[in-house]
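In what follows, a single structure is set out as structure tokens and then discussed.
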Amino acid sequence: MRHYENLVIVKPTFTAEEIQASIKAVEETITSNGGEIAATSAMGMRKLAYPIDKNERGYYQVIYYSVAPAAISEIERRFRINEDLLRFVTIKYDTNREITAWNKLVEKANKAAAPVKEEAKEEIKEEAKAETEAPAAPAEQEA
């Protein structure tokens, strides 16, 4: 298994939900071909260096993963077919020095994502609390 990095640019005309669905489709393409995603990093909406299909902006997402080299051609083929993506680039980390750099990038991406994940967990807990407390109130009113 080799280490790779993919930068994908999603069309900016999508809603936030559609962008996340496109990113999930990209991740599914990688995992369905035997890849293991180590980390993802959302770079957000950015201005493009030049217009692509009349789009001045794009949503950037970086995905770090490990996969067998034979699967890369199929992953890239599916990326080319995917009309939600404006552009993508695949970077291979081959030498020991590059793999060390890849590991550092994965650590950095995981550290950046950790506070976001904890905030999401707290929000989910609060929503669950609200849902469990909300049904109890109408039942008391009926009695």
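The values are calculated or read from the model by the stated rules, or taken from the named source; none is laboratory data. Computed from a predicted structure; not experimentally measured. Quick reminder, even Gly has a Cβ in these numbers, built from the backbone with ideal geometry, and neighbours come from all protein chains shown.
Results for (1) within 15 Å of Ala38 (Cβ to Cβ); (2) at pLDDT below 70; (3) touching a helix residue (DSSP H, G or I) at 6+ places or on another chain (Cβ under 7 Å), shown as yes or no for each residue.
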| residue | (1), (2), (3) |
| --- | --- |
| Arg87 | no, no, no |
| Ile91 | yes, no, no |
| Ile99 | yes, no, no |
| Asn110 | yes, no, no |
| Val116 | no, yes, no |
| Lys125 | no, yes, no |
| Glu133 | no, yes, no |
| Pro138 | no, yes, no |
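Restricting attention to region 17-31, and to residues there that are within 23 Å of Trp102 (Cα to Cα) and among the polar types (S, T, N, Q), which single residue is surrounded by the fewest Cβ atoms within 10 Å (Cβ to Cβ)?
Per the criteria, the residue is Thr31.
Residue by residue, here is whether (1) surrounded by fewer than 18 Cβ atoms within 10 Å (Cβ to Cβ); (2) farther than 27 Å from Lys111 by Cβ; (3) charged (D, E, K, R); (4) out of contact with any Gly (no Cβ under 7 Å at 6 or more places or on another chain) holds:
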position	(1), (2), (3), (4)
Tyr4	no, no, no, yes
Val8	no, no, no, yes
Thr15	yes, yes, no, yes
Ser41	no, no, no, yes
Lys47	yes, no, yes, yes
Ala70	yes, yes, no, yes
Ile81	yes, yes, no, yes
Lys92	yes, no, yes, yes
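Out of Gly58, Gly34, which single residue is surrounded by 12 or more Cβ atoms within 10 Å (Cβ to Cβ) and at positive phi?
Result: Gly34 is the single residue among Gly58, Gly34 that is surrounded by 12 or more Cβ atoms within 10 Å (Cβ to Cβ) and at positive phi.
Restricting to region 35-86, and then to whatever is among the basic types (Lys, Arg) and out of contact with any Leu (no Cβ under 8 Å at 6 or more places or on another chain), can you tell me which residue is farthest from Ile99 (Cα to Cα)?
Out of the qualifying residues, it is Lys54.
Starting from region 68-90, take each residue that is under 18 Å from Thr13 (Cβ atoms) and list its partners that are assigned to a loop (DSSP other than H, G, I, E, B), counting only C-beta distances under 7 angstrom and pairs at least six apart or across chains.
From residues that are under 18 Å from Thr13 (Cβ atoms), the pairs are Asp84/Lys11; Leu86/Lys11; Leu86/Asp53.
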